[in-house]
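These notes are about the structure you will find just below.
The values are calculated or read from the model by the stated rules, or taken from the named source; none is laboratory data. Please read these numbers as outputs of a predicted model, since none were measured by experiment. FYI the Cβ positions are ideal-geometry reconstructions off the backbone, even for glycines, and counts take in every protein chain you see. SASA here: full protein model, heavy atoms, side chains in, ligands and nucleic acids out. Shrake-Rupley method; radii C 1.70, N 1.55, O 1.52, S 1.80 Å.
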Amino acid sequence: MNYLIRTFGCQMNQHDSQFVAAMLENRGFEKTETTEDADIIVINTCSVRESAENKILGYIDSLKRLKQQRPALTIAVIGCMVSQEKSVAAFLKKRRHVDIVLGTRSLALLPHYLDQKETKKGPLLAFDLDSDIPEGRSHLREEAFRAYLTIMYGCDNFCSYCIVPHVRGREKSREMADILKEAQDLVKDGVKEITLLGQNVNSYGKGLKEKASFADLLYALNDIEGLERIRYMTSHPKDFSDEIIEAIAASKKVCRHFHLPFQAGSDRILKAMNRHYSAAYYLTLMAKIKERFPFDVYTTDIIVGFPGETEEDFQETLDILAQVEFDNAYTFLYSPRKGTAAAKTADQVPDEVKKDRLTRLMDFQNGISLKKNLAMVGKEYLLLGEGTSKNNPESQSGRTDGNKLVHFKATDDQTGKLVKVVIEEAHTWSLNGRILK
Ligand code: SF4
């Protein structure tokens with residue numbers, strides 16, 4: 001029996017798919033890459049943008065024929081797109097070929113539903129966002145040397161553009177002892193780098209039996225012998241406290257990569273986004289971080305074309321880019337998501353205006369990114385090797401502590417090893433380096 005998983009969306013979804021893969025392999029399924037060979041196809045969905053949703057629906061619909069030809073094939077749709085009762089009803093109306101539907105907090109039911117499938121009529125459904133996620137989940141990692149580790153589920157922030165709290169439920173932190181045990185097990189298994197996952201990791205700790213903060217977690221993880229690097233995503237500027245800054249400064253293994261999404265430079269738009277900070281607060285926070293960590297890497301997320309955004313508002317976004325000089329910015333066109341507050345707003349920005357602003361913003365940022373990368377030429381960095389470079393099979397690649405991608409040539413496989421290089425060439429998105437003996 002073979003399984004195929006198609007994963008759309010963020011790291012959280014990738015990690016959930018690793019959990020699903022582990023459950024299926026425990027039941028004796030083997031991985032396949034082709035739909036024709038699969039006995040079960042799992043589609044892990046993303047609802048962050050409309051374009052992504054349309055692509056996923058197209059893929060699910062394309063499986064209808066296969067199901068008609070092979071009725072024994074199981075099609076399971078899981079994740080964000082099928083985590084709300086209303087959207088599941090509309091989704092299933094047109095898709096009778098789907099056998100199992102599991103929301104983000106109900107994935108552990110998959111083996112149980114596979115047992116029930118032969119005897120129960122109609123699709124098997126579970127999408128309860130109040131469910132507790134069980135401890136002791138195992139994950140089938142694709143890479144031996146690095147792993148994701150979820151520290152919290154859901155989000156309480158309700159940014160007005162974001163669907164996440166509606167499809168992943170309210171914020172729930174895992175007990176610190178459970179996280180540390182999982183981290184220790186990962187390290188025993190050969191993991192050198194752990195990325196802590198959560199929608200808003202900085203607010204980790206709410207409602208725990210044993211009181212702990214994100215800073216406490218960083219200190220404790222830093223003490224794990226054999227662990228080399230700790231990353232985390234995603235941060236929220238309003239919760240990035242002095243306590244966290246001090247914990248990062250004191251914990252050598254926590255990577256000096258500060259990813260702090262500011263989303264918009266206009267206070268009016270930030271308020272409409274329900275972000276709970278102003279542009280001045282954000283700039284003060286970044287100034288504090290840059291003073292404490294002057295040679296490190298700063299990145300951000302920006303949404304262009306939020307409802308009501310004027311050219312003046314957009315210029316304020318460019319002002320923040322100019323003042324902070326981020327190494328990189330992940331930029332997104334605003335996409336209205338049904339069920340969110342911003343989608344109901346009348347003054348949506350026309351698509352062509354959004355696209356024009358995005359192009360200008362990316363051009364501006366690309367110049368800064370290249371300048372920052374050029375400043376790295378001639379300097380030495382420690383990389384964690386990732387294996388053969390995706391664009392050039394003759395080279396290997398690795399990442400600096402600040403998460404910059406560096407290509408280098410080496411005779412031995414450096415995957416999962418710490419490699420010292422000197423940077424010889426800089427591009428906008430990557431660097432070339434030479435190994436130092
Ligand atoms: S913090 Fe805001 S943007 Fe991030 S997941 Fe929560 S609601 Fe969405």
- Message: Pairs of alpha-carbon atoms within less than 8 angstrom and 6+ residues apart define the contacts here; what relative contact order does the chain have, in percent?
- Response: 10
- Sequence ranges 212-221, 279-288, ranked by mean other-Cβ count within 10 angstrom, highest first: 212-221, 279-288
- Whole-Hz ³J(HN,Hα) from phi, Karplus 6.51 cos²θ - 1.76 cosθ + 1.60, for segment 171-185, glycine and proline x: 5, 9, 8, 7, 4, 4, 4, 5, 5, 5, 4, 5, 5, 5, 5
- How large is the helix-only mean residue ellipticity at 222 nm for the chain, computed as the sum of -39500 (n - 2.57) over DSSP H runs with n ≥ 4, divided by its residue count, in deg cm²/dmol to the nearest 500? -10000 deg cm²/dmol
- Given that compact globular proteins tend to follow 2.2 N^0.38 Å, what is the ratio of the alpha-carbon Rg of the chain to that value? 1.01
- Using the Cα centre as the reference, give the magnitude of the dipole from point charges on the C-beta atoms of the chain (Lys, Arg: +1; Asp, Glu: -1; all else neutral), rounded to the nearest 20 debye. 840
- Go through segment 313-417 and name the trypsin sites (Lys or Arg not before Pro) that are in a DSSP coil and have 16 or fewer other Cβ atoms within 10 Å of their Cβ. 338, 379, 390, 409, 417
- Message: Only sites in a loop by DSSP and with at most 14 other Cβ atoms within 10 Å count here; which GluC sites (Glu not before Pro) in segment 23-92 make the cut?
- Response: 33
- Item | Relative contact order computed over segment 146-374 (Cα-Cα under 8 Å; 6+ residues apart), in percent | 18
- Relative contact order as a percentage, segment 380-435, C-alpha pairs under 8 Å and 6+ apart, gives 36
- Query: Under unit Cβ charges (Lys, Arg +1; Asp, Glu -1), what dipole magnitude, rounded to 20 debye, does segment 2-126 have relative to its Cα centre?
  - Reply: 560
- Could you tell me which of rounded, prolate or oblate describes segment 380-435, using a ≥ b ≥ c as the square roots of the eigenvalues of the alpha-carbon gyration tensor, with rounded for a/c under 1.5 and, failing that, prolate when a/b is larger than b/c and oblate otherwise? rounded
- Averaged per residue, the 1.4 Å probe accessible area of segment 121-268, protein heavy atoms only, in Å², is roughly 42
- Anything over 24 Å Cα to Cα? Flag those among 188/209; 271/354; 211/290; 31/338; 379/409, in the order listed. 188/209; 211/290; 31/338
- What is the Rg over Rh value, at two decimals, for segment 54-188, using alpha-carbon atoms and the Kirkwood definition of Rh? 1.01
- Would you please give the residues with an amide H less than 5 Å from that of residue 150, counting only those at least 5 places away or on a separate chain, with H modeled from the backbone geometry? 197
- Message: Exceeding 30 Å between C-alpha atoms, which entries from my cross-link table qualify? They are 55/117; 288/417; 55/288.
- Response: 288/417; 55/288
- Note on the structure: Ranking 15, 427, 257 from most to least accessible area with a 1.4 Å probe gives 427, 257, 15
- Message: Taking a ≥ b ≥ c as the square roots of the Cα gyration tensor eigenvalues, with a/c under 1.5 meaning rounded and otherwise prolate when a/b beats b/c, else oblate, which class fits segment 2-126?
- Response: rounded
- Query: Which cysteines does the chain leave without a neighbouring Cys Cβ under 4.7 Å?
  - Reply: 10, 46, 80, 155, 255
- Using the Karplus curve 6.51 cos²θ - 1.76 cosθ + 1.60 with θ = phi - 60°, work out ³J(HN,Hα) for each residue of segment 368-379 in order, rounded to whole Hz, and write x for Gly and Pro. 5, 4, 5, 4, 5, 5, 4, 5, 8, 4, x, 9
- State the percentage of accessible surface on segment 20-157 attributable to carbon and sulfur atoms; use a 1.4 Å probe and exclude ligands, DNA and RNA. 48
- Diffing segment 396-403: the Karplus 3J(HN,Hα) column from phi (6.51, -1.76, 1.60, θ = phi - 60°), in whole Hz with x for Gly and Pro, holds 10, 9, x, 10, 6, 3, x, 6
- Could you state how much accessible area residue 46 has, in square angstrom rounded to the nearest 10, with a 1.4 Å probe and all protein chains kept in place? 20
- Task: Past 18 Å, Cα to Cα, is the threshold; run 206/252; 172/206; 192/253 against it and keep the listed order.
- Result: 206/252
- Prolate/oblate/rounded label for segment 153-301 (Cα gyration tensor, a/c 1.5): oblate
